[in-house]
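Structure record follows, encoded as structure tokens.
The values are calculated or read from the model by the stated rules, or taken from the named source; none is laboratory data. Keep in mind that what you see is a predicted model, and the values were worked out from it rather than measured. Methodologically, a virtual Cβ is constructed for each residue, glycine included, from the backbone with ideal geometry; neighbour enumeration extends over all protein chains shown.
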Amino acid sequence: MNIDKSLQIISYLAPNWLEFYQAIAVYLNRVLEIEFQIQQGECDPLEDPLLLQNKLDLAFICGLPLIRYSQIVPNQLKTLVAPVMQSSRYNNYPVYYADVIVNANSNIQKFTDLAGKTFCYNDLGSNSGYNLVCHRLTQEKYPENFFSKTLQSGSHQCSIRWVVEGLADCAAIDSVVLEQELKDAPELSQHLRVVEVLGPSPMPPLVVAQRLGISLIEQMQLALLQPDAQLQRVMQQFGVKRFAAVKLEDYQILNQIYSVGAARRRHRAVVSLST
């Protein structure tokens, strides 16, 4: 396929990793000699007209909206790769966790201590920030009003700061995002404590529009599976060990978990409308 324009990449993931995604765009430009333009997404991917109109070429996206979107619009997106983190907790697999955090000064020691507390989440479509918590509450048959109050923060970074500032008692944070935030702002570690770990879940992938053609898609995947020294230095900086090839089916488990928590989300939506 002849590329006579720049390819558009969007990241729907936490902005504290945008530098890493920019490095991937630069790398693909360098090795494939194709211009890539990257931007930070500003809305839910399931509501993004650029995605709905098939105007995006590549996207960094959470697995849950990916699998939900692929059920609505099949055969548009193909998974390329997902990062494998260096830390031993990830066991050399492309996975991540949801770390449930509380203020370090609180008396909360375990998940059951969160009963009656204020929980904040980034958005209702987030696997780590909301979906996995709903699943845990449903699995263990906790009541609908387990938390006394729930607040939507809009982002993982905002949720972290709300817990630090005492505006919320707890939040569930993507472990990779949390690790990077603590690296960027080490002082936060004095104010936070992890009381529960949920997961693992399949790591958010880089996906590509299938209309680009199998030849280019395979070239991009191979390039990322064999990064050069320059990209490897950036990977090291962000704690990425390697990239792993992933399939769309790898993310189906997230939709199953999402379905289990559907009743809690409906309850949450009713509460939101009535307040």
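Listed values, structure above:
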| read-out | value |
| --- | --- |
| Qualifying residue in the stretch 204-226 (condition: loosely packed, with under 14 Cβ neighbours inside 10 Å, touching a residue at least 60 places away in the same chain (Cβ under 8 Å), of a type in the set (A, V, I, L, M) and in the same structural domain as Gln39 (by TED's automatic domain parsing)) | yes |
| Scan of the stretch 68-88 for residues that are of a type in the set (A, V, I, L, M) and over 16 Å from Pro45 (Cα atoms), ordered by number | Leu80, Val81, Ala82, Val84, Met85 |
| Residue count for the stretch 133-172, restricted to those that are in a helix (DSSP H, G or I) and without any contact (Cβ under 8 Å) to a residue 60 or more places away in the chain | 6 |
| Failed item in (1) within 18 Å of the chain's Cα centre (by Cα); (2) of a type in the set (D, E, K, R); (3) surrounded by fewer than 22 Cβ atoms within 10 Å (Cβ to Cβ), with Asp174 passing the rest | (3) |
| Residues located in the stretch 1-28, provided they are over 20 Å from the mean Cα position of the chain (by Cα) and surrounded by fewer than 16 Cβ atoms within 10 Å (Cβ to Cβ) | Met1, Asn2, Ile3, Asp4, Lys5, Ser6, Val26 |
| Condition met for His156 (crowded, with 23+ Cβ neighbours inside 10 Å and outside the structural domain of Gln210 (by TED's automatic domain parsing)) | yes |
| The lone exception for Asp48 - which of (1) exposed (fewer than 15 other Cβ atoms within 10 Å of the Cβ); (2) within 19 Å of the chain's Cα centre (by Cα); (3) of a type outside the set (A, V, I, L, M, F, W, C) it fails | (1) |
| Leading residue by the ranking (surrounded by the most Cβ atoms within 10 Å (Cβ to Cβ)) among those in the stretch 227-244 that are among the hydrophobic types (A, V, I, L, M, F, W, C) and not in a helix (DSSP H, G or I) | Phe243 |
| Selection within the stretch 196-224 - out of contact with any strand residue (DSSP E or B) (no Cβ under 7 Å at 6 or more places or on another chain) and over 21 Å from Arg30 (Cβ atoms) | Arg211, Ile214 |
| Residues being surrounded by fewer than 23 Cβ atoms within 10 Å (Cβ to Cβ) and within 18 Å of Ser259 (Cβ to Cβ) - total across the stretch 51-66 | 0 |
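Rundown of residues vs (1) within 20 Å of the chain's Cα centre (by Cα); (2) modelled with pLDDT of 95 or more; (3) among the aliphatic types (A, V, I, L, M), yes/no style:
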residue	(1), (2), (3)
Leu80	yes, yes, yes
Ser87	yes, yes, no
Asp113	no, yes, no
Phe119	yes, yes, no
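Condition check ((1) surrounded by 19 or more Cβ atoms within 10 Å (Cβ to Cβ); (2) under 20 Å from Gln256 (Cα atoms)) across all residues:
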| residue | (1), (2) |
| --- | --- |
| Ala98 | yes, yes |
| Asn122 | yes, no |
| Asn131 | yes, yes |
| Lys141 | no, yes |
